[in-house]
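Trainee: Structure below; questions to follow.
Each reported figure results from applying straightforward, stated rules to the coordinates on display, with no laboratory input. Keep in mind that what you see is a predicted model, and the values were worked out from it rather than measured. Note that each Cβ is placed from the backbone with ideal geometry, even for glycine, and that neighbours are counted across all protein chains shown.
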């Protein structure tokens with residue numbers, strides 16, 4: 001009898017392991033291939049997302065009030081600095097508007113309906129973050145019903161922070177640029193050097209120790225120096241052109257000495273995300 | 001009697017509250033918890049389940065069923081990778097139940113049991129993530145950068161929350 005019970009336990013463990021691996025493999029495959037998760041999962045996630053807001057909204061509100069008190073202390077100094085910046089910005093903005101208008105007219109002139117730089121923005125709030133060390137992932141409160149589609153780029157502050165990895169009806173998951181997994185979609189970017197040349201490439205990963213994005217396998221001869229701006233190139237899919245990724249922090253030869261490797265300082269603080277913008281390209 | 005007590009509704013409500021608090025804590029304190037390279041993960045759900053076993057005493061509760069439910073929600077809503085926590089959470093309940101047969105549950109022995117449980121949760125999720133290529137972290141980096149800070153955070157949370165949670169359980173009974 002004792003032996004029987006031991007065998008039964010072993011069988012249960014092995015069955016559990018097999019089922020677990022099967023489920024994981026299937027869900028990873030679905031996540032990588034399909035544009036939306038299965039209907040049951042979507043439905044479940046929508047309901048859980050609604051329930052989560054009951055907890056998340058008061059928690060985020062509390063956080064807002066606490067941080068506003070602590071920010072009150074250096075408000076005066078910040079105000080002085082910001083006033084100066086605002087007067088400069090107004091001028092830039094007017095010029096920007098004029099240029100955008102001119103650009104639109106010129107496009108109409110040559111009957112160009114949409115170019116790589118055109119996109120509309122969906123603003124979303126971050127509900128919660130995945131409590132896991134393996135996935136740098138946040139959940140936002142806009143989904144398919146607001147027009148979010150899988151793989152769309154997500155921005156916060158002044159720069160790119162990640163891409164939409166799963167879309168439900170009323171919420172979606174955003175995989176941050178700091179995520180290092182194999183299936184992460186790497187962004188096609190371009191570096192504009194000081195000499196006016198552009199270098200195209202693909203982001204290759206994230207170095208957690210220094211908090212920098214890496215870009216590998218560059219075989220360019222043009223010199224890339226510190227401070228050069230990195231923006232998305234708009235090549236190969238749903239990402240529009242011209243989203244700011246960061247600035248070059250360091251340019252080194254790669255491990256085998258054949259190509260160049262770049263370390264990029266992200267434009268936004270990736271740790272602290274509250275409001276994000278999903279960029280929707282017109283297609 | 002479990003069926004007639006407030007526990008019947010109180011336990012699941014507390015469980016899901018803890019589940020959502022995990023996410024909210026990770027979001028609110030993301031600057032401090034996810035400061036690279038070391039990462040601290042809050043596991044309040046596991047704390048709630050372990051406390052369920054510790055304070056169960058003479059009122060058996062369907063902990064495994066609720067652990068599976070919490071695991072399903074965690075997998076689908078938080079990670080999107082189905083099949084990890086759905087097995088890990090019930091395993092934690094089972095392991096804790098086996099351990100308290102040998103050690104009588106109190107504050108200090110509970111701390112030790114919770115230490116073991118968090119180690120199991122983190123280790124199994126690490127193995128699962130390695131298998132499906134969610135991470136490329138090496139074993140030693142896992143020990144230093146994830147397991148150690150996570151244990152520190154969760155044991156501190158245990159110390160702070162043990163007596164309040166015991167109060168809640170006594171009230172629910």
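Trainee: Between residue A:258 and residue A:226, what FRET efficiency follows from the Cβ-Cβ distance if R0 is 30 Å, with the result rounded to 0.05? Each step should come with its number before you reach the end.
Mentor: Details: r = 22 Å, r/R0 = 0.73.
The calculated FRET efficiency here is 0.85.
Trainee: Once every DSSP H run of n ≥ 4 in chain A is given -39500 (n - 2.57) and the sum is divided by its residues, what mean residue ellipticity at 222 nm do you get, rounded to the nearest 500 deg cm²/dmol? Mind dumping the intermediate values first?
Mentor: Details: 3 runs with 101 residues, N = 283.
Rounded to the nearest 500, it is -13000 deg cm²/dmol.
Trainee: Counting helices only, and only those DSSP H runs with n ≥ 4, report the 222 nm mean residue ellipticity of chain B as the sum of -39,500 (n - 2.57) divided by its residues, in deg cm²/dmol to the nearest 500. Please report the intermediate quantities before stating the final value.
Mentor: Numbers: 7 runs with 116 residues, N = 173.
Calculated from helices alone, the mean residue ellipticity at 222 nm is -22500 deg cm²/dmol.
Trainee: On a 0 to 90 degree scale, rounded to 10, what angle separates helix A:75-109 from the longest Cα axis of chain A?
Mentor: 80
Trainee: So how tilted is helix B:85-102 from the main axis of chain B? Cα-based, degrees 0 to 90, rounded to 10.
Mentor: Between the helix axis and the principal axis of chain B, the angle is about 60 degrees.
Trainee: While we're on this one: Summarise the long-distance tail of P(r) for segment A:18-139 by giving the % of C-alpha pairs beyond 25 Å. All intermediate terms of the calculation are to be shown ahead of the outcome.
Mentor: On the way: 4524 of 7381 pairs.
The answer is 61 percent, as a whole percent.
Trainee: Semi-axes of segment A:119-283's equivalent ellipsoid from the Cα gyration tensor, sqrt of 5 times each eigenvalue, largest first, rounded to whole Å? Walk me through the numbers before you get to the answer.
Mentor: Details: eigenvalues 156, 57, 33 Å².
Equivalent ellipsoid semi-axes, largest first: 28, 17, 13 Å.
Trainee: How far, in degrees from 0 to 90, does helix B:107-131 lean away from the longest principal axis of the Cα atoms of chain B, to the nearest 10?
Mentor: Roughly 40 degrees between the two axes.
Trainee: Hey, could you grab the Kirkwood Rh for segment A:74-115? Inverse mean 1/r over distinct alpha carbon pairs, Å, one decimal. Display every interim value, and only then the final one.
Mentor: Working: mean 1/r = 0.0798 Å⁻¹.
Its Kirkwood hydrodynamic radius stands at 12.5 Å.
Trainee: What distance in nm separates the simple spin-label points at residue A:151 and residue B:127, each placed 7 Å from Cα in the Cβ direction?
Mentor: Label-label distance for residue A:151 and residue B:127, simple model: 3.5 nm.
Trainee: Ranking B:163, B:74, A:244 by Cβ neighbours within 10 Å, fewest first, what do you get? Write down the numbers at each step before the final one.
Mentor: Values: B:163 10, B:74 24, A:244 17.
Ordered by Cβ neighbours within 10 Å, fewest first: B:163, A:244, B:74.
Trainee: How large is log10 I(q)/I(0) at q = 0.13, 0.17, 0.26, 0.28 Å⁻¹ when the Debye formula is applied to the Cα atoms of segment A:1-64, each weighted equally and without solvent?
Mentor: The Cα Debye sum returns log10 ratios of -0.67, -0.80, -1.02, -1.06.
Trainee: Another question, then. With viscosity set to 1.002 mPa s at 20 °C, what whole-number translational diffusion coefficient in µm²/s follows for segment A:75-182 from Stokes-Einstein and a Kirkwood radius over Cα pairs? Don't skip to the answer; put the middle values down first.
Mentor: Details: Rh = 17.0 Å.
Reported coefficient: 126 µm²/s.
Trainee: I want to verify the translational diffusion coefficient of chain A in µm²/s; compute it with Stokes-Einstein, Rh as the Kirkwood radius over Cα pairs, at 25 °C and 0.890 mPa s. Kindly include the intermediate steps, with their values, before the conclusion.
Mentor: Values: Rh = 22.0 Å.
This corresponds to a translational diffusion coefficient of 112 µm²/s.
Trainee: Hey, what's the per residue convex hull volume over the C-alpha atoms of segment B:114-159, in cubic angstrom?
Mentor: Working: hull volume 2.7 nm³, N = 46.
So the per-residue Cα hull volume is 60 Å³.
Trainee: In cubic angstrom, how much convex hull volume per residue do the alpha carbon atoms of chain B span?
Mentor: On the way: hull volume 19.2 nm³, N = 173.
Convex hull of Cα atoms, per residue: 111 Å³.
Trainee: Provide the gained length on full extension for the span residue B:103 to residue B:9, in nm with one decimal, where the gain is 0.36 nm per separating residue minus the Cα-Cα distance. Please report the intermediate quantities before stating the final value.
Mentor: Values: separation 94, 0.36 × 94 = 33.84 nm, distance 2.91 nm.
Gain on extension, residue B:103 to residue B:9, equals 30.9 nm.
Trainee: Sticking with this structure for a sec: Determine, from the Cβ-Cβ distance of residue A:77 and residue A:123 and an R0 of 35 Å, the FRET efficiency 1/(1 + (r/R0)^6), rounded to the nearest 0.05. It would help to have the intermediate numbers written out before the result.
Mentor: On the way: r = 29 Å, r/R0 = 0.83.
Computed FRET efficiency for residue A:77 and residue A:123: 0.75.
Trainee: Convex hull volume of the Cα atoms in segment A:45-84, per residue, in Å³? Could you put the intermediate results ahead of the total?
Mentor: Numbers: hull volume 3.1 nm³, N = 40.
Hull volume normalised by residue count: 77 Å³.
Trainee: Given 0.36 nm per residue, what is the gain on full extension from residue A:34 to residue A:94 after removing their alpha carbon distance, in nm? Intermediate results must be reported in sequence, preceding the final value.
Mentor: Values: separation 60, 0.36 × 60 = 21.60 nm, distance 4.30 nm.
Net length gain for the segment: 17.3 nm.
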